[in-house]
Amino acid sequence: MRTLRMIAVGALLHAKQLSRSPFEIATALIVPVVQATLAVYLFRAGGEPGRLLEAAVGAGLMGVWSSVLFGSGGAIQNQRWQGTLEMIMLAPRPPALVVLPITLATALTGTYAMLATLAWGRLLYGIPLTFADPLAFAVAVPGCIIGLGMFGLLLASTFVLLRNANALTNTLEYPIWLVSGMLVPITALPGWTGPIAAVLPTTWGARAVREATTGSGPTWPSLGICLAISLACLALGAIMMTHVERRARAAATLALA
Amino acid sequence: MSEHAIEAVGLRRTYRSRTGWLRPQRREVEAVRGVDLTVDNGELFGLLGPNGAGKTTTIKLLNTLLIPTAGEARICGFDVVRQTREVRRRIGYVFGGDRGLYDRLSARDNLRYFAELYGVPGREQKRRIAELLDLVRLTGRESDRVEGYSRGMRQRLHIARGLLHRPRVLFLDEPSIGVDPVAARELRQTVADLAATGTTVLLTTHYMAEADELCGRIAVIANGTIQALGTPAELRHHADGRQVLEVEAYGVGDAKLAVIHALPGVREASVVVTGAAQVLTVQSDAGVDVQADVLRALDGVRLGRVTARQPTLEDAYVAIVNRVDAQARPVEAVAA
Ligand SMILES: Nc1ncnc2c1ncn2[C@@H]1O[C@H](COP(=O)(O)OP(=O)(O)O)[C@@H](O)[C@H]1O
Ligand SMILES: [Mg+2]
């Protein structure tokens with residue numbers, strides 16, 4: 001219970017800190033408009049105006065993913081630059097629990113992009129916000145956010161070990177949008193992407209959210225799989241994080257040298 | 001349960017780093033080379049030394065942020081490498097400078113976050129945070145974002161954060177660095193109050209006066225090893241048998257200083273700039289009158305007041321630290 005509260009308070013306060021950055025604010029103002037526009041024109045061009053809402057939701061999910069990828073992938077480095085990494089690592093807790101609130105916060109701030117994309121879609125292009133299963137949508141989105149936050153922990157611990165993490169981050173953004181079927185249905189992609197898609201929590205999260213939006217499926221199985229894979233990522237991330245912390249204490253990389 | 005708050009035996013730490021890009025070089029720095037320390041419960045202990053002496057490294061070895069290359073350390077009887085969590089529950093860490101806080105959050109949010117992280121029980125948090133804001137005189141500004149705080153305010157918030165979980169041992173790494181004199185005095189008062197309530201404090205500083213005012217015992221560290229350890233009164237003895245000559249001057253260069261240093265009977269010679277003038281301080285053996293020689297060496301330099309005086313603790317510190325300067329520097333470059 002106390003641990004859960006720590007995670008919740010931590011995630012909220014980190015989200016507060018993140019959302020007040022001038023860069024974040026500028027991104028938050030511009031990106032959703034671009035995404036809404038992108039979604040609308042992509043699908044209008046495709047002659048499927050009935051699927052505008054689905055497209056807007058997909059575009060919103062891309063926003064969540066970008067936020068998690070850049071925010072969580074660079075979480076450790078960001079804390080180091082701020083000089084807060086040592087202070088949080090000094091907490092008498094497993095390192096994974098210290099970093100998890102941060103990666104959850106990156107997913108949480110990404111949610112804003114999702115909501116804003118829907119709002120702009122409604123405002124600028126009159127996309128009707130009629131969800132096939134509003135309740136399932138209201139559960140699937142937070143579920144998907146938590147899942148991505150847990151996946152973020154794995155990203156955070158992996159990327160900190162990689163020398164060229166920045167380059168990797170940039171190259172991963174679009175492929176994962178695509179492969180997870182956030183914008184284009186998976187069925188439209190080449191067959192070899194299938195196995196990759198199947199193990200990514202983003203695929204199942206996007207699918208759950210789409211099912212709730214369009215009623216094309218029962219939502220809950222997909223959401224369940226998304227959370228199960230995310231939990232596995234969390235466990236793996238936690239093991240890696242313990243290793244990373246120990247290594248950092250040996251190599252003196254917790255502080256900026 | 002050990003009766004000592006801090007125990008360190010043969011503590012060593014070598015930093016290995018790679019520099020250069022086209023022709024990478026491996027650099028090894030022996031920052032701490034065999035430190036032995038015992039600090040009792042409730043002591044206010046000072047670790048005093050010049051920049052680069054190994055103070056921060058020593059503190060980080062003791063507070064679990066760094067793993068020692070060799071040696072062992074215990075905090076309240078718990079090993080800093082094997083019983084990390086037990087150690088972390090009992091320690092607070094505060095470092096000087098203005099980083100290490102969440103700038104876009106308020107002081108209260110910063111404290112709330114760290115209270116959760118450091119395991120302060122929920123029902124105690126509100127009271128504890130209010131209490132600490134009061135202690136560090138930030139009450140009234142607690143809702144403002146930290147980015148608008150002065151350096152002194154940030155430093156005080158750091159201290160409040162370090163005390164949230166009522167640590168038994170508090171590590172203070174140069175807390176008064178970059179803080180104005182008034183704020184520094186208030187800070188020293190806060191530290192003294194803390195020690196009075198039974199918290200063990202390990203304070204590092206490079207200001208002799210600060211250590212003298214606050215600490216019961218002082219270890220002088222230079223070049224990664226402890227050069228002298230004792231009460232301020234005991235350390236003063238390191239300047240026994242010496243006398244000090246202070247000369248106000250305008251334009252003493254390195255060459256002149258070297259000449260003075262080489263005069264018979266002279267043990268130390270240094271120049272400090274104060275405003276427009278320089279103050280040349282010469283330590284010499286008590287039996288030798290060097291004044292005439294020194295003034296002759298300064299021929300052609302405009303001089304102000306000349307004073308002969310007994311050595312102070314500051315002079316003892318200079319004597320201890322300079323004894324080491326003659327020895328080898330800690331950096332060894334090895335081609336990769
Ligand atoms: N992360 C690091 N990597 C390499 N060298 C370091 C690192 N941190 C400190 N040093 C070196 O170790 C020595 C001791 O540094 P430090 O413990 O910070 O001294 P102090 O706190 O007394 O100024 C210095 O020579 C410093 O340059
Ligand atoms: Mg230091």
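The values are calculated or read from the model by the stated rules, or taken from the named source; none is laboratory data. No experiment lies behind these values; they were computed from the predicted model shown. Quick reminder, even Gly has a Cβ in these numbers, built from the backbone with ideal geometry, and neighbours come from all protein chains shown. These accessible areas exclude ligands, DNA and RNA; they are computed on the full protein's heavy atoms, side chains included. Shrake-Rupley method; radii C 1.70, N 1.55, O 1.52, S 1.80 Å.
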Discussion item. Among the residues of the stretch B:217-235, are any at pLDDT below 90 and out of contact with any helix residue (DSSP H, G or I) (no Cβ under 8 Å at 6 or more places or on another chain)?
Written reply: yes
Note: among A:Leu183, A:Leu223, A:Leu200, A:Leu254, just one is within 14 Å of chain B (Cβ to nearest Cβ) and open to solvent by less than 60 Å² (accessible area, probe 1.4 Å), namely A:Leu254
Exactly one of B:Tyr118, B:Tyr102, B:Tyr149 is away from ligand 1 (no atom under 16 Å from the Cβ), aromatic (Phe, Trp, Tyr) and open to solvent by less than 10 Å² (accessible area, probe 1.4 Å), and that one is B:Tyr102
Residues in the stretch A:11-43 that are within 14 Å of chain B (Cβ to nearest Cβ) and either touching a Pro at 6+ places or on another chain (Cβ under 7 Å) or hydroxyl-bearing (Ser, Thr, Tyr) (or both) total 4
Over the stretch B:94-116, the set of residues closer than 15 Å to B:Asp144 by Cβ and aromatic (Phe, Trp, Tyr) is B:Tyr102
Within the stretch B:195-238, the residues that are touching a Ser or Thr at 6+ places or on another chain (Cβ under 8 Å) and hydrophobic (A, V, I, L, M, F, W, C) are B:Ala211, B:Ile218, B:Ile221
Residues in the stretch B:163-188 that are away from ligand 2 (no atom under 16 Å from the Cβ), out of contact with any Ser or Thr (no Cβ under 6 Å at 6 or more places or on another chain), modelled with pLDDT of 90 or more and not charged (D, E, K, R) total 4
Given (1) among the hydroxyl-bearing types (Ser, Thr, Tyr); (2) over 15 Å from A:Val160 (Cβ atoms); (3) at pLDDT 90 or above, A:Ser67 misses just (3)
Counting only helices (runs of 4 or more DSSP H) entirely within the stretch A:127-243, those with at least 2 residues that are over 22 Å from A:Ala39 (Cβ atoms) and among the aliphatic types (A, V, I, L, M) are A:134-159, A:165-179, A:193-199
The number of residues in the stretch B:82-96 that are open to solvent by less than 20 Å² (accessible area, probe 1.4 Å), away from ligand 1 (no atom under 16 Å from the Cβ) and of a type outside the set (Val, Ile, Thr) is 2
When every residue in the stretch B:1-31 that is closer than 27 Å to B:Arg74 by Cβ and assigned to a loop (DSSP other than H, G, I, E, B) is compared, the one most open to solvent (accessible area, probe 1.4 Å) is B:Met1
Would you check if B:Asp180 is away from ligand 1 (no atom under 16 Å from the Cβ) and within 29 Å of B:Arg33 (Cα to Cα)?
no
Quiz item: Quick one: would you say B:Leu65 is of a type in the set (A, V, I, L, M, F, W, C), assigned by TED's automatic domain parsing to the domain that holds B:Asp173, under 28 Å from A:Arg5 (Cβ atoms) and open to solvent by less than 20 Å² (accessible area, probe 1.4 Å)?
Solution: yes
Scanning the stretch B:194-216 for residues that are of a type in the set (Ser, Thr, Tyr) and within 16 Å of ligand 1 (Cβ to nearest atom), the one modelled with the lowest pLDDT turns out to be B:Tyr207
Checked the stretch B:48-83 for anything closer than 28 Å to A:Pro95 by Cβ and within 12 Å of ligand 2 (Cβ to nearest atom); matches are B:Gly54, B:Lys55, B:Thr56, B:Thr57, B:Thr58, B:Ile59, B:Lys60
Note on B:Glu174: of the conditions (1) open to solvent by less than 10 Å² (accessible area, probe 1.4 Å); (2) within 16 Å of the chain's Cα centre (by Cα); (3) under 24 Å from B:Val80 (Cα atoms), unmet is (1)
Residue pairs qualifying under the 8 Å Cβ cut-off, at least six apart or on distinct chains, with the first in the stretch B:91-116 being more than 8 Å from every other protein chain (Cβ to nearest Cβ) and more than 21 Å from A:Ile76 (Cα to Cα) and the second being among the β-branched types (Val, Ile, Thr) and assigned to a helix (DSSP H, G or I), are B:Ser106/B:Val146; B:Ala107/B:Val146; B:Arg108/B:Ile129
Notebook entry, point to check: Within the bounds of the stretch B:93-102, is there any residue that is away from ligand 2 (no atom under 16 Å from the Cβ) and charged (D, E, K, R)?
Noted result: no
Of the residues in the stretch B:32-54 that are surrounded by fewer than 24 Cβ atoms within 10 Å (Cβ to Cβ) and near ligand 1 (Cβ under 8 Å from one of its atoms), the one that is farthest from the other protein chains (Cβ to nearest Cβ) is B:Pro50
